[in-house]
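A short worksheet on the structure shown next.
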Amino acid sequence: MRKRVFLKITAVAVLALGTSLAMAQDNLFKIGLILPMSGPFASTGKQIEAAVRLYMAQNGDTVAGKKVELILKDDTSAPDVTKRIAQELVVNDKVNVLAGFGLTPLALATAPIATQSKTPLVVMAAATSSITQASPFIVRTSFTLPQAAVGIADWAPRNGIKKVVTLVSDYGPGIDAEKFFKERFTFNGGQVSDSLRVPLRNPDFAPFLQKVRDDKPDALFVFVPSGAGAALMKQFSERGMDKAGIRLIGTGDVTDDDILNNMGDVALGVVTSHHYSASHNSPLNKKFVDAFGKANNGLRPNFMAVGGYDGMRVIYEAAKATKGGRGEALLNAMKGQIFESPRGPVFIDAQTRDVVHNIYIRKVERVNGQLWNQEFDTIKDVKDPGKAR
Ligand code: VNL
């Protein structure tokens, strides 16, 4: 009799414990954040992590009455690792949303997991046009290379640049940049005399730059991923390209705010087109840059940080609208969001799930002793040109 009562009590206790665990799960909204926190692209991971934490510090760690649990994982920028981590986050942790994705191959490797598990996946960094087409569950808050590249392709021919050599990292975003720059620049009457592709990892720019020097174009158009711009800029100057009268233009990845201030005089006058500069002149951006710096030892946010910050905005608002939901409902609440970002006005196109934003033409200038990408022209509400074909 005693034993039976004991068993009953135990059973009730176990049941209660189980229920409270389930309730605890249910009272959580889980974000699986996968970033390159080590390896050659660690600066992207660091910038996005800092922005995500800033967003949470400013907006609280509960949404719709649920506690937000951030699970950060380092994928070392290896696609098979990203995919395995995403699988674990979905199956074991039952995350509501996957986020991060520092490079294109990492996002593409994980797309099938999002589709199979119906888990919304927010791309905060990677920028090849086709990524959003790899899964109906992918939403992007970073940018696309076609968006960024056509801005400078319009500006250059109006400013005395008629002959250009392109030089890009040999993978998705580089190929997009090369293709869309060339198409638009040629349409505008320019000539691309050569198109060079360098390896993504540990590129030696020297032999390529020598080729460019011999070709004597008016300008060299470059795309290299965030973090790689400093090495390119250094070799550009060491090879005497600027002295030979060859200008440097590109998408804003090369004059990345994370490293721009340490590039020195060689960066002065470099004109690029991009969706974000830390010197963007708006009250919201000033507040963002200031708070980001205060929380991170004076670090300047770059375009990766803003992709992470806006990604959190999209996730939080969707979580609110669905009372901490998941799957298709959460995804649908991400589509169509319109808001002011530190970069300017942003729209998540419900059809493409891709970001629509302004592209700015900027020139590197020294202001109060520091190098900044100073915006001087705006192309409003640019949709990804890669989708319209
Ligand atoms: C990508 C595009 C990566 C632009 C970047 O930096 C970048 C990508 C790491 O899609 O892989 O600046």
Taking segment 366-381 and keeping residues touching a residue at least 60 places away in the same chain (Cβ under 8 Å) and among the acidic types (Asp, Glu) leaves GLU375, ASP377
Sort out which residues of segment 162-189 are surrounded by fewer than 20 Cβ atoms within 10 Å (Cβ to Cβ) and out of contact with any Gly (no Cβ under 6 Å at 6 or more places or on another chain), and write them in order of number. LYS163, ASP170, TYR171, ILE175, LYS179, LYS182, GLU183, THR186, PHE187, ASN188, GLY189
Breaking point among (1) of a type in the set (Val, Ile, Thr); (2) under 25 Å from the mean Cα position of the chain (by Cα); (3) surrounded by fewer than 22 Cβ atoms within 10 Å (Cβ to Cβ), for THR251: (3)
Looking only at segment 160-175, how many residues end up being more than 16 Å from the ligand (Cβ to nearest atom) and without any contact (Cβ under 8 Å) to a residue 60 or more places away in the chain? 4
Residues that are surrounded by fewer than 22 Cβ atoms within 10 Å (Cβ to Cβ), in a helix (DSSP H, G or I) and either of a type in the set (Lys, Arg) or touching a residue at least 60 places away in the same chain (Cβ under 8 Å) (or both), drawn from segment 307-331: ARG313, TYR316, LYS320, GLY327, GLU328
Would you confirm whether any residue within segment 14-31 is under 18 Å from the mean Cα position of the chain (by Cα), modelled with pLDDT of 95 or more and surrounded by fewer than 19 Cβ atoms within 10 Å (Cβ to Cβ)? no
Quick one: which of VAL81, VAL95, VAL150 is over 16 Å from the mean Cα position of the chain (by Cα), away from the ligand (no atom under 16 Å from the Cβ) and either buried (at least 20 other Cβ atoms within 10 Å of the Cβ) or among the aliphatic types (A, V, I, L, M) (or both)? VAL95
Among the residues of segment 230-250, is any within 16 Å of the ligand (Cβ to nearest atom), in a loop (DSSP other than H, G, I, E, B), closer than 24 Å to MET304 by Cα and touching a Leu at 6+ places or on another chain (Cβ under 9 Å)? no
Name every residue in segment 332-355 that is in a strand (DSSP E or B), surrounded by 18 or more Cβ atoms within 10 Å (Cβ to Cβ) and on the phi < 0 side of the Ramachandran plot, in order of residue number. SER341, VAL346, ILE348, VAL355
What about LYS83, is it assigned to a loop (DSSP other than H, G, I, E, B), in contact with a helix residue (DSSP H, G or I) (Cβ under 9 Å, 6 or more places away or on another chain), basic (Lys, Arg) and over 22 Å from ASP310 (Cβ atoms)? no
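Determine whether segment 295-306 contains at least one residue that is hydrophobic (A, V, I, L, M, F, W, C) and either surrounded by fewer than 23 Cβ atoms within 10 Å (Cβ to Cβ) or at pLDDT below 95 (or both).
Applying the first criterion (hydrophobic (A, V, I, L, M, F, W, C)) to segment 295-306 yields 295, 299, 303-306.
Going one step further and asking which of them are either surrounded by fewer than 23 Cβ atoms within 10 Å (Cβ to Cβ) or at pLDDT below 95 (or both), we end up with 295, 299.
Yes: segment 295-306 contains one or more residues that are hydrophobic (A, V, I, L, M, F, W, C) and either surrounded by fewer than 23 Cβ atoms within 10 Å (Cβ to Cβ) or at pLDDT below 95 (or both).
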Report whether or not THR119 is away from the ligand (no atom under 14 Å from the Cβ), part of a loop (DSSP other than H, G, I, E, B), hydroxyl-bearing (Ser, Thr, Tyr) and over 19 Å from the mean Cα position of the chain (by Cα). yes
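Yes/no matrix, rows are residues, columns are (1) touching a Cys at 6+ places or on another chain (Cβ under 7 Å); (2) within 16 Å of the ligand (Cβ to nearest atom); (3) of a type in the set (Val, Ile, Thr):
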residue: LEU299; (1), (2), (3): no, no, no
residue: VAL306; (1), (2), (3): no, yes, yes
residue: ILE315; (1), (2), (3): no, no, yes
residue: ALA329; (1), (2), (3): no, no, no
residue: ASN332; (1), (2), (3): no, no, no
residue: SER341; (1), (2), (3): no, no, no
residue: ILE361; (1), (2), (3): no, no, yes
residue: VAL367; (1), (2), (3): no, no, yes
residue: ASP381; (1), (2), (3): no, no, no
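Rundown of residues vs (1) of a type in the set (Ser, Thr, Tyr); (2) within 16 Å of the ligand (Cβ to nearest atom), yes/no style:
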{"site": "PHE187", "(1), (2)": "no, no"}
{"site": "ARG201", "(1), (2)": "no, yes"}
{"site": "PHE223", "(1), (2)": "no, yes"}
{"site": "SER226", "(1), (2)": "yes, yes"}
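The values are calculated or read from the model by the stated rules, or taken from the named source; none is laboratory data. Keep in mind that what you see is a predicted model, and the values were worked out from it rather than measured. Neighbour counts run over all protein chains shown; Cβ positions are idealised from the backbone, glycine included.
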